Amino acid sequence: MLLGAHEEGGSIGWTVNGKPVTDAASEIVRATGLVTADQALPAVLDRPALCGGPVSPESVWILYRRTSGEELLPGSLTVGDEIAITSTMEALKAVIAGRGPSEVRVLVGYAGWGPGQLERELAKGAWLPAEADAALLFADATSTLWQRAYQQTIGTIPAAFVGTTRGSA
């Protein structure tokens, strides 16, 4: 989960290792009617579009890696120094026109928490907070993202805590 904003009134984030919604994000772009069926699209839209969360499944988000000196896409929310996300039509048009970033993930939907909900989940140990890492987010293998993030944060793989003998941890 990538946390985008956390405020007193609630929080917003995105599942970044969600199941693919389409084989290529270009399918979603073509469905908007902004491009013709035969129009070439930038290669950044060749990756699968992923389920970003259960809230507002009709919304499309452009998660992208920022480079030094690069201008933000319109309506962007920054997450650290190298990561930003937006859901504006102007940003989508910039990506379609090839004026967008070179590393992009398209997410469908988002996750949301009401006031105090995320704090309660953190207190119960439901989340393992870690710094957002652009190298992890934009690596090709999203199916192993959780395991790689866990190993980077804890220093070992999740299976290291699984015992093979009954009664042991």
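DSSP beta bridges in the chain, what fraction antiparallel, as a percent rounded to 5?
90
Would you kindly derive the ³J(HN,Hα) couplings of segment 126-131 from the backbone phi angles with the Karplus curve 6.51 cos²θ - 1.76 cosθ + 1.60 (θ = phi - 60°), listing them in order in whole Hz, with x for Gly and Pro?
6, 10, 10, x, 8, 5
By accessible area of protein heavy atoms, probe 1.4 Å, what ranking do Ser102, Ser59 get, highest first?
Ser102, Ser59
Can you give the relative contact order of the chain as a percent, counting alpha carbon pairs under 8 Å and 6+ residues apart?
Result for the chain is 26 percent.
Glu90 to Ala139: extension gain in nm, 0.36 nm per residue of separation minus the Cα-Cα distance?
The Glu90-Ala139 span can extend by a further 15.1 nm.
Roughly how tilted is helix 145-154, in degrees to the nearest 10 and between 0 and 90, from the longest Cα axis of the chain?
Here the helix axis deviates by roughly 50 degrees.
Could you pull out every residue, at least 5 positions away or on a different chain, whose amide H is within less than 5 Å of the one on Val21? Hs are placed 1.01 Å off N in the peptide plane, and Pro or chain starts have none.
Sorted by chain and number, the residues that satisfy this are Ala49, Leu50, Cys51.
For Gly4, what residues show an amide H to amide H distance below 5 Å, using hydrogens built from the backbone and excluding near sequence neighbours?
Those lying under 5 Å, H to H, from Gly4 are Ile12, Gly13, Trp14.
Given the convex hull of the Cα atoms of segment 50-100, what is a quarter of its surface area in nm²?
Averaged projected area of segment 50-100's Cα convex hull equals 3.8 nm².
Roughly how much of Arg120 is accessible, in Å² to the nearest 10, using a 1.4 Å probe?
140
Please go through segment 95-144 and write out the GluC sites (Glu not before Pro) that DSSP classes as loop and that have at most 10 other C-beta atoms within 10 Å.
Passing sites in segment 95-144 are Glu131.
Quick check on packing: order 69-75, 51-57, 106-112, 122-128 by the mean number of other C-beta atoms within 10 Å, highest mean leading.
Packing proxy ranking, top to bottom: 106-112, 51-57, 69-75, 122-128.
The values are calculated or read from the model by the stated rules, or taken from the named source; none is laboratory data. Only a predicted model underlies this, so the values are computations on that prediction, with no experimental measurement involved. With ideal geometry, Cβ positions are generated from the backbone for all residues, glycine too; neighbour counts draw on all protein chains shown. Quick note on the areas: whole protein, heavy atoms, side chains included, nothing else; ligands and nucleic acids left out. Shrake-Rupley method; radii C 1.70, N 1.55, O 1.52, S 1.80 Å.
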